[in-house]
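**Student:** Just dropping this structure here.
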Amino acid sequence: MKKTIVVSAVNFFEGGPLTILKECLEYLSENMSDHYRIIALVHDKSLLNVCNIEYVDYKKSRKNWAYRLYYEYIHFFFVSRRLKPYLWLSLHDITPNVDADIRAVYCHNPSPFYPFSLRSFLFSYQVALFSLFYKYLYRINIRKNTFVIVQQNWIRDAFQKMYGIRNVVVAYPSAQQITSAPSCPANNAKTIFFYPAFPRVFKNIETVAEAAKLLYVQGRTDFEVILTVNGEENKYARHVVANYKDIPTISFVGLKSRDEVITMYRQVDALIFSSKLETWGLPISEFKAFNKPMLLPDLPYAHETIGDFDQVKFYDPDDSLQLAACMQGFMDRLLVYDGNRRVEVQEPFAQDWKQLFDLLLGGKLMANAPNA
């Protein structure tokens with residue numbers, strides 16, 4: 001009789017999280033379904049079309065947190081007793097109350113490690129409270145896991161310090177390949193900088209806008225900064241647009257689809273990515289394929305995400321004046337790049353789904369690295 005693998009992702013319904021779920025199930029379908037029974041607990045199975053998978057819908061999971069917590073801490077216990085899984089993999093942060101030979105949780109929300117200020121709280125008190133909530137939600141049952149999975153080495157260090165655990169695996173997300181060949185230099189009449197980001201406080205958009213303002217006040221008009229906000233998204237977006245809408249070198253273009261963003265990658269001259277908190281930083285990985293320059297915050301996630309790359313300049317994410325100087329140096333072809341080299345990640349480390357599941361199904365890490 002086949003052993004059972006349960007993948008729980010009842011809160012995923014769009015964007016990057018849904019992509020992670022699809023990639024996970026595709027790997028299991030292609031490589032593990034001959035030897036394991038694969039069961040996926042999902043929000044809506046109509047969003048997925050991976051074969052060799054048994055799906056169970058939980059369409060109430062997103063109605064409110066009461067349903068979500070009920071599923072994770074009560075209902076799934078009885079599901080696990082019935083299915084008797086060899087591996088239970090929770091892809092969305094919460095360590096459920098389940099019975100399984102091997103238990104693993106994939107933690108991809110870094111918000112507990114962001115030092116929210118009063119200013120951040122005023123812009124988005126829900127996000128600040130949610131961050132505090134997640135700090136304690138992560139703690140529940142975390143020591144019952146055989147594996148805790150994170151995307152970068154800095155997050156592993158943070159988990160180890162905050163929760164006193166040692167069984168943390170770094171698993172790099174699969175790169176979303178851009179199939180079109182990288183473009184040649186843009187050769188625009190103006191130098192175009194691009195910062196694609198949804199307007200959340202930690203995305204630090206105002207630092208980029210302020211740098212553009214500083215350059216404009218100094219008389220520079222030979223550039224454009226494109227920001228993917230328009231002021232209608234939330235309170236923070238309204239604040240940024242209200243303060244910088246009169247700067248003609250800033251274009252507020254609103255949110256764009258991934259295909260539209262990739263088209264813009266081809267057209268622009270350089271990427272600015274100013275976020276203070278990321279589990280990965282997908283635009284950095286995507287833009288790297290075009291071999292164009294990047295201005296990035298001097299933070300651990302940015303160094304780890306970009307890996308080996310020469311045309312990168314790091315700056316203090318709180319220093320608009322420093323960013324403006326970097327932008328001016330780039331426009332004048334005087335910028336001296338810092339360059340970057342790949343971070344050497346210690347074991348346990350998985351570079352793809354194969355390495356991750358080889359590690360999970362071995363189930364040996366907890367014995368080798370006890371939490372005590």
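The values are calculated or read from the model by the stated rules, or taken from the named source; none is laboratory data. These numbers come from a predicted model, not from an experiment. Using ideal geometry, Cβ is built from the backbone for each residue, glycine included, and neighbour counts are taken over all protein chains shown.
**Student:** Output the residue which, of all residues in region 1-16 that are buried (at least 19 other Cβ atoms within 10 Å of the Cβ) and not polar (S, T, N, Q), is nearest to the chain's Cα centre (by Cα).
**Tutor:** My answer is F12.
**Student:** If you take the residues in region 1-49 that are closer than 21 Å to N64 by Cβ and of a type in the set (S, T, N, Q), which one is modelled with the lowest pLDDT?
**Tutor:** Looking at residues that are closer than 21 Å to N64 by Cβ and of a type in the set (S, T, N, Q), I get N11.
**Student:** Okay, moving on. Being closer than 15 Å to G339 by Cα and more than 15 Å from the chain's Cα centre (by Cα) is the filter here; which residues of region 273-302 pass it?
**Tutor:** Passing the criteria: K288, N291, K292, P293, M294, L295, L296, P297, D298.
**Student:** Condition first: loosely packed, with under 15 Cβ neighbours inside 10 Å and part of a loop (DSSP other than H, G, I, E, B). Can you find one or more residues in region 295-304 that meet it?
**Tutor:** Checked against the condition, which is being loosely packed, with under 15 Cβ neighbours inside 10 Å and part of a loop (DSSP other than H, G, I, E, B), region 295-304 yields at least one hit.
**Student:** Return the pairs, sorted by first residue and then second, in which the second residue is acidic (D, E) and outside any loop (DSSP other than H, G, I, E, B), the first residue lies in region 26-39 and is assigned by TED's automatic domain parsing to the domain that holds L87, the beta carbons are less than 6 Å apart, and the residues are 6+ apart or on different chains.
**Tutor:** As it stands, the answer is I39/E54, since those pairs meet every condition given.
**Student:** Looking for something assigned by TED's automatic domain parsing to the domain that holds Y244, touching a strand residue (DSSP E or B) at 6+ places or on another chain (Cβ under 7 Å), over 16 Å from Q152 (Cβ atoms) and without any contact (Cβ under 8 Å) to a residue 12 or more places away in the chain - is there at least one such residue anywhere in region 296-318?
**Tutor:** Among the residues of region 296-318, not one is assigned by TED's automatic domain parsing to the domain that holds Y244, touching a strand residue (DSSP E or B) at 6+ places or on another chain (Cβ under 7 Å), over 16 Å from Q152 (Cβ atoms) and without any contact (Cβ under 8 Å) to a residue 12 or more places away in the chain, which makes the answer no.
**Student:** What are the residues in region 239-272 that are among the small types (G, A, S) and assigned to a helix (DSSP H, G or I), if any? Give the steps one after another, and end with the answer.
**Tutor:** Restricting attention to region 239-272, the residues satisfying the condition of being among the small types (G, A, S) are 242, 251, 254, 257, 270.
Answer for region 239-272, where residues must be among the small types (G, A, S) and assigned to a helix (DSSP H, G or I): just A242.
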